[in-house]
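For reference, the structure discussed in these notes is given below.
The values are calculated or read from the model by the stated rules, or taken from the named source; none is laboratory data. Keep in mind the model is a prediction, meaning the values are calculated, not measured. In this analysis, Cβ positions are derived from the backbone assuming ideal geometry, glycine residues included, and neighbour counts consider all displayed protein chains. These area figures cover heavy atoms from the full protein model, side chains too; ligands, DNA and RNA do not enter into them. Shrake-Rupley method; radii C 1.70, N 1.55, O 1.52, S 1.80 Å.
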Amino acid sequence: MTGESLRLEFRRQVRERVLATAHEHTVERGWERVRVGEIAVDSGVSRPTLYREFGNKDGLGEALMTREAERFFAAIAAALSEHTEVPDAVAAATRLTLEEASDNPLLKAVLTGSRSGDAGLLPFLTSRSESIRESARALIATWLEQQRPDLLPTQIEETVDAVVRLVISHVVAPALDPVDVGQRVAHLVAALTRTRN
């Protein structure tokens, strides 16, 4: 390994250690009670190193939610690839997303905290989640283009936007069984991807 690659690997390990500690603190206490200084101490890094890497607590929160989203995206991509029919794949990916979200300790802490007044990380799923939404859109759009090359770019864009917004709304405010939501989203996708004359 070169000196540069060693530095990058060290930085990646430090970043992962800090995010793992922030994850643990958030699940245990809620984001409102998370203190950057405690995360630095518990993860074995200096405060200046932590601030240099993440900027501030908001930057740390955004990185934490992005890391969690990347895990979701890997599972979603796998679920999509297991089906040949677009509506079936979308139903499976939606169901998986909602089930994973309901079992995810970090997401539970974020959503439970927001209901009790601690909305600290919730904006990273809703109003400030542009990078997460864009990553989700890119993943689904690429997959949909491969599955249905006959679709117009506007159909793909409209379909993907509707799916991402609808699924995020069900993650944030679950009201129906994940299987039912999956079927509803699949019906919507089937309607939006009909060949237009």
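Each Cα pair under 8 Å and six or more residues apart adds its separation to the average, and for segment 1-82 the resulting relative contact order is 25 percent.
The phi torsions of segment 34-41, fed into the Karplus equation with coefficients 6.51, -1.76 and 1.60 and a -60° offset, translate into couplings of 6, 10, 4, x, 5, 5, 4, 4 Hz, rounded to whole numbers, with Gly and Pro shown as x. With contacts taken as Cα pairs under 8 Å and at least 6 residues apart, segment 34-96 reaches a relative contact order of 18 percent. Inter-part distance, segment 135-197 to segment 12-51, computed on C-alpha centroids, equals 35 Å. When Rg and Dmax of the Cα atoms in Å is calculated directly from the model, which label among (i) 16.4, 50; (ii) 25.2, 99; (iii) 19.0, 62 fits? Calculated Rg and Dmax of the Cα atoms in Å: the matching label is (iii).
In a reduced charge model with +1 at each Lys and Arg Cβ and -1 at each Asp and Glu Cβ, segment 1-74 shows a dipole moment near 180 debye about its Cα centre.
Ordering Ala40, His23, Leu8 by the projection of their Cα atoms onto the charge dipole of the chain, which places +1 on the Cβ of Lys and Arg and -1 on the Cβ of Asp and Glu, puts Ala40 at the extreme positive end. With contacts taken as Cα pairs under 8 Å at a separation of at least 6 residues, the chain carries a relative contact order of 24 percent. Cβ-Cβ distance of Asp180 and Glu16, R₀ of 35 Å, FRET efficiency by 1/(1 + (r/R0)^6): the value works out to about 0.45.
Note on segment 49-105: dipole from Cβ charges, positive end direction compared against Asn104, Thr66, Ile76; the farthest Cα belongs to Thr66.
Treat every Asp and Glu Cβ in the chain as -1 and every Lys and Arg Cβ as +1, leave all other atoms uncharged, and give the resulting dipole magnitude about the Cα centre to the nearest 20 debye.
Dipole about the Cα centre, nearest 20: 520 debye.
Among the trypsin sites (Lys or Arg not before Pro) in segment 1-106, those located in a DSSP loop and surrounded by at most 16 other Cβ atoms within 10 Å of their own Cβ are Arg35.
Within the accessible surface of the chain, defined with a 1.4 Å probe on protein heavy atoms only, the carbon and sulfur portion equals 54 percent.
Taking one quarter of the surface of the C-alpha convex hull of segment 20-95 gives a mean projected area of 6.2 nm².
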